[in-house]
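The values are calculated or read from the model by the stated rules, or taken from the named source; none is laboratory data. Treat the numbers as computed from the prediction; the structure is a model and nothing was measured. Reconstructed Cβ throughout: ideal geometry from the backbone, glycine too, with neighbour counts over all protein chains shown. Accessible surface areas use protein heavy atoms only, side chains included; no ligands, DNA or RNA. Shrake-Rupley method; radii C 1.70, N 1.55, O 1.52, S 1.80 Å.
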Amino acid sequence: MKQENFEPKILAFCCHYCAYSSADLAGSMRIQYPPNVRIIRTPCTGRLETEYFMKALENGADGVLVAGCLEGGCHFVEGNLCAKRRVNYTREILEEIGMEKERLRMVNVSAAMARPLADTIIDMVETVRKLGPSPIRQNGSLKK
Amino acid sequence: MIIAQRKNIPDLLAIVKDHKKLLVLGCGTCVTVCLAGGVREVSIIASALRMSAKLKGLPLEVEELTIERQCDNVFLEQAADAIKRNDAVLSLGCGAGVQAIAERYTNKPVYAGLDTAFIGILEERGVWTEKCAACGACVLHEYGGICPVTRCAKHMLNGPCSGSREDRCEVNPERQCAWQLIYKRLKDIGQLDRLKKIKPPKNWNRSQSGGYRTIIREDHRV
């Protein structure tokens, strides 16, 4: 895939109580964000395990965004803090593998933060665009 | 419980790089509880190996399986087909599990995916501490249930060493002085008299000095 035609595919795990509502609000407010993200609603980012991020990247996602509640504001008290530690651990594994850890990122937003969420998505898409297509997809067979 | 931790991915890939079909075999007992070699860790390490191999252009197929217990033939049989259809096995069991597979499948390369560390307990979430050195001749009854062989940095049977500061070990201030704990515990259970008796040197013959150890129970043999 040529760099100039590259449109990143980014998987966004969004917490039902904040980021998912925030993305919804962005729609109501007519705030634009790139269509490169595929949003998956999760009951809490604490539900996400390390293997979810690994599988997403292994199966060809160019980037993975984890969007949870503001620290201290988790509906389940500390689910977002669990997710933060798991994201950090997965980033360590990505470094060991030799893959850019920037392909996985966690952000904290509240349900009212539509603009910051959109900005984060724009920034994530640009970061991944600069990194280029997932090397896993380039070197191996692409799972559709 | 046996505590282990994973080797890093570059080391693992260097170990298995000459094989094309690899079975990553987890164990559902101790290493599952210490989050090193259960179903989840098998999934993570298998994914990481597949990705790492792809990035390096190595043709590596990785199969995942976790059985209840690797150090037991009855459970190990459940992995027989998977072991046979792969070129090699990367065991995420403890050292005993790896060797159980190696002894049973004599023509199959078996590698250790974990570094087996010690016998210990879960101290708090994500923290494990060594409690037993498996010395073969337990002295815990003398020390109020706190093992000086394992938990004192100098393995002193007649302590304390006088180097401790407050309740901290002088070898590593982050650790508690085992002898402080022993004193407090014996005081709490009214057995301080035990400390008045000088303990003779420990008999280490029942430890690892004579090679591997065996226990034979005639009453259970068939």
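Looking for whichever is touching a helix residue (DSSP H, G or I) at 6+ places or on another chain (Cβ under 7 Å) and open to solvent by 70 Å² or more (accessible area, probe 1.4 Å) here; the options are B:Arg125, B:Arg50, B:Arg104. Which one fits? I'd like the intermediate steps shown before the answer.
On the way: B:Arg125 fails: touching a helix residue (DSSP H, G or I) at 6+ places or on another chain (Cβ under 7 Å); B:Arg50 fails: open to solvent by 70 Å² or more (accessible area, probe 1.4 Å).
Result: B:Arg104 is the single residue among B:Arg125, B:Arg50, B:Arg104 that is touching a helix residue (DSSP H, G or I) at 6+ places or on another chain (Cβ under 7 Å) and open to solvent by 70 Å² or more (accessible area, probe 1.4 Å).
Which members of segment B:70-87 meet the condition of being surrounded by fewer than 19 Cβ atoms within 10 Å (Cβ to Cβ) and either within 26 Å of the chain's Cα centre (by Cα) or within 14 Å of chain A (Cβ to nearest Cβ) (or both)?
Quick first cut of segment B:70-87, residues surrounded by fewer than 19 Cβ atoms within 10 Å (Cβ to Cβ) only: B:72-75, B:77-78, B:80-82, B:84-85, B:87.
If the condition is that a residue be surrounded by fewer than 19 Cβ atoms within 10 Å (Cβ to Cβ) and either within 26 Å of the chain's Cα centre (by Cα) or within 14 Å of chain A (Cβ to nearest Cβ) (or both), then B:Asp72, B:Asn73, B:Val74, B:Phe75, B:Glu77, B:Gln78, B:Ala80, B:Ala82 are the ones that fit.
Condition (residue is surrounded by 13 or more Cβ atoms within 10 Å (Cβ to Cβ) and without any contact (Cβ under 8 Å) to a residue 24 or more places away in the chain) applied to segment B:205-216: is it met by at least one residue?
Within segment B:205-216, the first condition is being surrounded by 13 or more Cβ atoms within 10 Å (Cβ to Cβ), and the residues that meet it are B:206-207.
Filter once more, keeping what is without any contact (Cβ under 8 Å) to a residue 24 or more places away in the chain: none.
There is no residue in segment B:205-216 that is surrounded by 13 or more Cβ atoms within 10 Å (Cβ to Cβ) and without any contact (Cβ under 8 Å) to a residue 24 or more places away in the chain.
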Scan segment B:111-130 and tell me whether some residue there is over 21 Å from B:Gly38 (Cα atoms) and touching a residue at least 12 places away in the same chain (Cβ under 8 Å). no
Test set (1) farther than 23 Å from A:Asn59 by Cα; (2) assigned to a helix (DSSP H, G or I); (3) in contact (Cβ under 8 Å) with a residue 24 or more places away in the chain - B:Pro10 fails condition number: (1)
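If a residue must be under 26 Å from the mean Cα position of the chain (by Cα) and more than 7 Å from every other protein chain (Cβ to nearest Cβ), how many such residues does segment B:41-55 contain? Steps first, answer last, please.
From segment B:41-55, those under 26 Å from the mean Cα position of the chain (by Cα) are B:41-49; that's our starting set.
Add one more test, that the residue is more than 7 Å from every other protein chain (Cβ to nearest Cβ), and what stays is B:41-42, B:45-46, B:49.
Selection size over segment B:41-55: 5.
For segment B:1-17, give me each residue that is among the charged types (D, E, K, R) and touching a Leu at 6+ places or on another chain (Cβ under 9 Å).
Matches in segment B:1-17: B:Arg6, B:Lys7, B:Lys17.
Among the listed residues B:Leu12, B:Leu55, B:Leu35, B:Leu49, which satisfies the condition of being hydrophobic (A, V, I, L, M, F, W, C) and at positive phi?
Being hydrophobic (A, V, I, L, M, F, W, C) and at positive phi holds for just one of B:Leu12, B:Leu55, B:Leu35, B:Leu49, which is B:Leu35.
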Here is a check on your reading of the model: is B:Ile198 more than 26 Å from B:Val31 (Cβ to Cβ), outside the structural domain of B:Cys34 (by TED's automatic domain parsing), in a helix (DSSP H, G or I) and among the β-branched types (Val, Ile, Thr)? no
Could you tell me which of the residues B:Val171, B:Val149 is in contact with a His (Cβ under 8 Å, 6 or more places away or on another chain) and at pLDDT 95 or above? B:Val149
Can you confirm whether segment B:133-154 contains a residue that is of a type in the set (S, T, N, Q) and open to solvent by 40 Å² or more (accessible area, probe 1.4 Å)? no
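Looking at segment B:31-40, which of the residues that are open to solvent by 10 Å² or more (accessible area, probe 1.4 Å) and in contact with a helix residue (DSSP H, G or I) (Cβ under 9 Å, 6 or more places away or on another chain) is farthest from the other protein chains (Cβ to nearest Cβ)? Break it down into steps so the answer makes sense when it comes.
Just the residues of segment B:31-40 that are open to solvent by 10 Å² or more (accessible area, probe 1.4 Å), to begin with: B:32-33, B:35, B:39-40.
After this cut, where a residue has to be in contact with a helix residue (DSSP H, G or I) (Cβ under 9 Å, 6 or more places away or on another chain) as well, the list is B:32, B:35, B:39-40.
Working: B:Thr32: 14, B:Leu35: 10, B:Val39: 9, B:Arg40: 6 Å.
The selected residue is B:Thr32.
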State all residues of segment B:157-179 that are surrounded by 15 or more Cβ atoms within 10 Å (Cβ to Cβ) and assigned to a loop (DSSP other than H, G, I, E, B); if no residue qualifies, say none. B:Leu157, B:Gly159, B:Pro160, B:Cys161, B:Ser164, B:Cys169, B:Glu170, B:Arg175, B:Cys177
Take the residues of segment A:86-105 that are touching a strand residue (DSSP E or B) at 6+ places or on another chain (Cβ under 7 Å) and open to solvent by less than 30 Å² (accessible area, probe 1.4 Å): which is farthest from A:Met29 (Cα to Cα)? A:Leu94
It is to be established whether one or more residues within segment A:48-62 are in contact (Cβ under 8 Å) with a residue 12 or more places away in the chain and away from chain B (no Cβ under 14 Å). no
Count of segment A:91-137 residues which are free of Cβ contacts under 8 Å to residues at least 12 places away in the same chain, of a type outside the set (A, V, I, L, M, F, W, C) and within 12 Å of chain B (Cβ to nearest Cβ): 4
From the list B:Ile15, B:Ile2, B:Ile9, B:Ile67, exactly one residue is more than 10 Å from chain A (Cβ to nearest Cβ) and under 25 Å from A:Lys101 (Cβ atoms). Which is it? B:Ile15
Across segment A:106-120, the tally of residues that are among the charged types (D, E, K, R) and open to solvent by less than 50 Å² (accessible area, probe 1.4 Å) stands at 0
Go through (1) part of a helix (DSSP H, G or I); (2) surrounded by fewer than 20 Cβ atoms within 10 Å (Cβ to Cβ); (3) free of Cβ contacts under 8 Å to residues at least 12 places away in the same chain one by one and return the number of the condition B:Ile44 breaks. (2)
Can you tell me which residue is farthest from the chain's Cα centre (by Cα) among those in segment B:18-30 that are away from every other protein chain (no Cβ under 13 Å) and either aromatic (Phe, Trp, Tyr) or crowded, with 20+ Cβ neighbours inside 10 Å (or both)? B:His19
